[in-house]
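For reference, the structure is listed below as structure tokens.
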Amino acid sequence: MKYIDEYRNPDLVRKLIGDIKRSCTREWKIMEVCGGQTHAFLRFGLDQALYPEVQMIHGPGCPVCVTPVEKIDTAIALSFRDNVLLCSFGDMLRVPGTEKSLLSARVEGAHVQTVYSPLDAVRIAQEDTSKEVVFFAVGFETTAPMNAISVKKAKELGLRNYSILCAQVLVPTAIEVLLNDSACQIDGFLSAGHVCTVMGYWEYEPIAEKYKKPIVVTGFEPIDLLLGVRNCVELLEGGKYGVVNAYPRSVRREGNTQAQALIKEVFEVCDRNWRGIGVIPQSGLKLKPEYIDYDAEVKFADLVCISVTKTTVCIAGEILQGKKKPSECPAFAKECTPENPLGAPMVSNEGACSAYYQYSHSRRD
Amino acid sequence: MNPGEFGSTGISWSCPIGSTASGKITLAHGGGGTLMHKLIKDVFEKHFSNPYLRQHHDSTVIDLGKVRVAFTTDSFVVKPIFFPGGDIGKLAVCGTLNDLAVAGACPLYLSAGFILEEGLGVDVLEKIVCSMRREADLAGVSIVTGDTKVIEQKAEDGLYINTSGIGIIKFEVPPSPKNICRGDRIIINGDIGRHGIAVLSARENITFEPVIESDCMNLAPAILSLYEAGVEVHCLRDCTRGGLATSLNELAEESQLSFIIEEYSVPIKDEVRGACEILGLNPLYVANEGRFVAFVPEEDVSNALDILKDLYPDFTPAEIGRVIDKQNSPVILRNYVGIDTSLPMLSGEQLPRIC
């Protein structure tokens, strides 16, 4: 298939892996920030092929995994309300809240619909104005522009029955949290290519400078990932730091300025609770005051849930920091499986634990 | 530092999460993956267990005097009931015919049980029944008994069908997981993933260009042709729910051997691959309704492929892997980039991803 097969060429993959391993004079720990990259590393077995010269550490960049429990509880509470239709991307449905997931709520008769774009949710709201349509706006900077468009469009159409339950999070702040930890062992980062397609990579330059770490903008296909790793290792071996763009076919330094303008027009930066991490200051987006009528948490303030249940078995925090591998968790693949996740990284396909579970059965022994 | 305590930032890294072990049936229990297998083992096998059930095949083989018959049942709950390339009626007939065919049986008679929700249009029902009649006629089988029940309305076009079937096995050694041998080659009769994508696109109202049609079809003619041509068929399985990967895992477990699959050799149409890339689905787990894997000795591969290609020139049948001694992973995938990874059974439902 065009534009896919070129980036999965086995000969080139083998050559790149060989080149990278030979160029290492010591072992390096590199974190891929994005869950989509984690999934690809494990699906193609690239992390194993690079080991031990390069040890991939799986970062917190899975939007499904970091959406806090109380948001999911709120979404579930909304979906049980008579005139509400809760619209969501598919993989949010399985994430457990305090007592149930949106999927199990649907079994009990809640109104939950999978959509592929927030604009589908706007269309549904337009077709049936007797229904309150709430879109579960989850994701990093990649989903923010479309969510912004949906709110703007609803306003233009004069729709009073559309709102978003907003759980948008921002990548650069998360990287800083990791680097601020005194116990941080990460030598370099692969930054998410799609986030940088929207936001550019200028935001990472001061971070690379401040913490003296290489940050390489990286794509998602095997060749893209290996080029990202090779660039990162080159910088590390040369004792250099800074930001390198290894995904130039999609990313420019300034990013998609139109999309950024849309985000700025509709959203403002706010503190955000990350599941498994806690509240990170200035790490999320919320609707600006002029769009407040489209904020489901304001519109349905009576249904907003505040809940925190703690479990002690799960080591999600250490996994997200890269201090432990999923397979080092005592619950991994025993009590904790994708069907019955104890921690958020086991939930989504992009979560480190789930990706491990799916693609590394042989590694469990 | 204590686990869960986050260095100098003072942020806590515990993962707050509730309990999900509700003891209730969820949709994932019907997804054909690990949850369903656990349910079958823990509830059905626990109480129904007998030598016939323990054959673990799509049909049960029963000796009635000198006649050896295959007997099977299947229920169909697909939504929507009409989709590109088929409908629930065609599916209900072909699904049961295929379960008989992969047991090496010539299908003879079917039953049809209908559960209808009040409010269903009689014209809609008749359309489905005509579709069943057409498929049965094409296959030369008769629907000889049936049942109808009506329940309260839960959805639009509420229509569910159960079909059972019996067929006669004429071959000395019918295909079975226990006949799989080390060195056997694994072939598939065509490109995978069409049915799952066709149904998903109809259900979620997403259109792909060109339209992806379900592969739903009666497999008996293809399978009987293999036997008639003298191909030594050790085992067969249709790759329905949970896709090719799940069927392979089931057979690896039942045969106590491992399989190595070359991802590049697995035929997938570009439009199906494209749809899967967009939706974040792995085509190896996407449902089929007209595809089977056959385990044959190496020397029979080219003969088998020639027969399948003659019958269905558009399907690109292919050799996709071979049987090896038991390994840690029941099914090993030599992936597109040439690295071996484990190809586990589907766990939970495959859900389209955010990004």
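Answer with one residue from B:Gly321, A:Thr25, B:Leu27: the one whose Cα lies farthest towards the positive end of the charge dipole of the protein assembly as shown, charges on Cβ with Lys, Arg +1 and Asp, Glu -1.
A:Thr25
What translational diffusion coefficient, to the nearest whole µm²/s, does region B:177-342 have by Stokes-Einstein, given a Kirkwood radius computed over alpha-carbon pairs, a temperature of 37 °C and 0.692 mPa s viscosity? Kindly include the intermediate steps, with their values, before the conclusion.
Details: Rh = 16.0 Å.
Diffusion coefficient, whole number: 205 µm²/s.
Could you grab the relative contact order for region A:1-312? Cα pairs under 8 Å, six or more apart, rounded to a whole percent. Present the calculation step by step, with values, prior to reporting the outcome.
Values: 591 pairs, mean separation 65.6, N = 312.
Result for region A:1-312 is 21 percent.
State the Cα centre-to-centre distance between region B:209-277 and region A:282-308 in whole Å.
So the separation of the two Cα centres works out to 48 Å.
Once you have a ≥ b ≥ c as the square roots of the Cα gyration tensor eigenvalues for region B:37-78, tell me rounded if a/c is under 1.5, and otherwise prolate or oblate according to whether a/b is larger than b/c. Each step should come with its number before you reach the end.
Details: a/c = 3.19, a/b = 1.43, b/c = 2.23.
Judged from the Cα gyration tensor, region B:37-78 comes out oblate (a/c at least 1.5, b/c at or above a/b).
So what is the relative contact order of region B:108-225, in percent, for Cα pairs below 8 Å that sit 6 or more residues apart? Spell out each step's value before the answer.
Values: 112 pairs, mean separation 35.8, N = 118.
So the answer I get is 30 percent.
Given 37 °C and 0.692 mPa s, how large is the Stokes-Einstein diffusion coefficient of the protein assembly as shown in µm²/s, with Rh as the Kirkwood radius over Cα pairs? Display every interim value, and only then the final one.
On the way: Rh = 27.0 Å.
My calculation gives 121 µm²/s for D.
What value, in deg cm²/dmol to 500, does the helix sum -39500 (n - 2.57) over DSSP H runs of n ≥ 4 give at 222 nm once divided by the residues of chain B?
Numbers: 8 runs with 92 residues, N = 355.
Mean residue ellipticity at 222 nm (helix-derived): -8000 deg cm²/dmol.
To the nearest 20 debye, what is the magnitude of the charge dipole of region B:177-342 about its Cα centre, counting +1 on the Cβ of each Lys and Arg and -1 on the Cβ of each Asp and Glu? Intermediate values should be presented prior to the final figure.
Numbers: 14 positive and 27 negative charges, 83 e Å.
The calculation lands at about 400 debye.
Just counting partner chain Cβ atoms within 10 Å, what average do the residues of peptide A:332-343 show around their Cβ?
For peptide A:332-343, the averaged partner shielding equals 4.
Any idea what the relative contact order of chain B is, in percent, if you count C-alpha pairs under 8 Å spaced at least 6 apart? Walk me through the intermediate numbers first.
Numbers: 724 pairs, mean separation 73.8, N = 355.
Result for chain B is 21 percent.
Can you tell which of B:Val43, B:Ile88, B:Pro177 lies farthest toward the positive end of the dipole of chain B, using +1 and -1 charges on the Cβ of basic and acidic side chains (Lys, Arg; Asp, Glu)?
Final value for the positive-end residue is B:Val43.
Residue by residue through A:320-330, how many Cβ atoms from other chains fall within 10 Å of the Cβ on average? Can you show the working numbers first?
Working: counts 3, 3, 0, 4, 1, 0, 0, 0, 0, 0, 0.
What the average comes to for A:320-330 is 1.
Given that compact globular proteins tend to follow 2.2 N^0.38 Å, what is the ratio of the alpha-carbon Rg of region A:21-93 to that value? Display every interim value, and only then the final one.
Values: Rg = 18.7 Å, N = 73, 2.2 N^0.38 = 11.2 Å.
Rounded to two decimals, the normalised Rg is 1.67.
Just round it to a whole percent: the fraction of Cα-Cα distances in chain B exceeding 30 Å. Mind dumping the intermediate values first?
On the way: 24886 of 62835 pairs.
Pairs farther apart than 30 Å: 40 percent.
If you restrict to DSSP beta bridges whose two residues both lie in region A:1-312, what percentage is antiparallel, to the nearest 5? Mind showing how you got there, number by number?
Details: 9 of 41 bridges.
If I count the DSSP bridges inside region A:1-312, around 20 percent turn out antiparallel.
Which one of B:Ala220, B:Ala28, B:Ala245 has the biggest mean-square fluctuation once chain B is modelled by GNM with Cα springs under 10 Å?
Looking only at B:Ala220, B:Ala28, B:Ala245, the biggest GNM fluctuation is shown by B:Ala28.
Looking at region A:1-312 from every direction and averaging, what is the projected area of its Cα convex hull in nm²?
Numbers: hull surface 69.3 nm².
If I average the Cα hull's projected area over directions, I get 17.3 nm².
Only Cα pairs within less than 10 Å get springs; with that Gaussian network setup on chain B, which residue of B:Cys130, B:Cys235, B:Cys216 has the largest fluctuation?
Per the Cα network of chain B with a 10 Å cutoff, B:Cys130 tops the list.
Percent of Cα-Cα pairs more than 23 Å apart in region B:57-169, please.
Working: 1852 of 6328 pairs.
The calculated P(r) of region B:57-169 puts 29 percent of pairs beyond 23 Å.
Can you give the average number of partner chain beta-carbon atoms within 10 Å of each beta-carbon in peptide B:327-338, as a whole number? Walk me through the intermediate numbers first.
On the way: counts 1, 5, 6, 1, 1, 2, 4, 2, 9, 11, 19, 11.
Whole-number average of other-chain Cβ neighbours for B:327-338 is 6.
From the helices alone, meaning DSSP H stretches of at least four residues, give me the mean residue ellipticity at 222 nm for chain A, per-run term -39500 (n - 2.57), in deg cm²/dmol to the nearest 500. Mind dumping the intermediate values first?
On the way: 16 runs with 142 residues, N = 365.
Per the formula, -11000 deg cm²/dmol.
So if I place +1 on the C-beta of Lys and Arg and -1 on the C-beta of Asp and Glu, and nothing else carries charge, what would the dipole magnitude of chain A be about its Cα centre? I want it in debye, nearest 20. It would help to have the intermediate numbers written out before the result.
Numbers: 41 positive and 45 negative charges, 115 e Å.
So the dipole magnitude of chain A works out to roughly 560 debye.
For region A:167-314, take the alpha-carbon Rg, divide it by the Kirkwood Rh, and send me Rg/Rh. Let's see the in-between values first.
Values: Rg = 17.9 Å, Rh = 17.3 Å.
Rg/Rh for region A:167-314 comes to 1.03.
Averaged over every viewing direction, what's the projected area of the C-alpha convex hull for region A:316-364? Give it in nm², one decimal, please. All intermediate terms of the calculation are to be shown ahead of the outcome.
Working: hull surface 11.8 nm².
Projected over every direction and averaged, the Cα hull of region A:316-364 covers 2.9 nm².
Rule-based calculations on the coordinates, nothing more; no lab input. Because the structure is a prediction, the values reported are computed rather than measured. All Cβ positions, glycine included, derive from the backbone under ideal geometry; neighbour counts span all protein chains shown.
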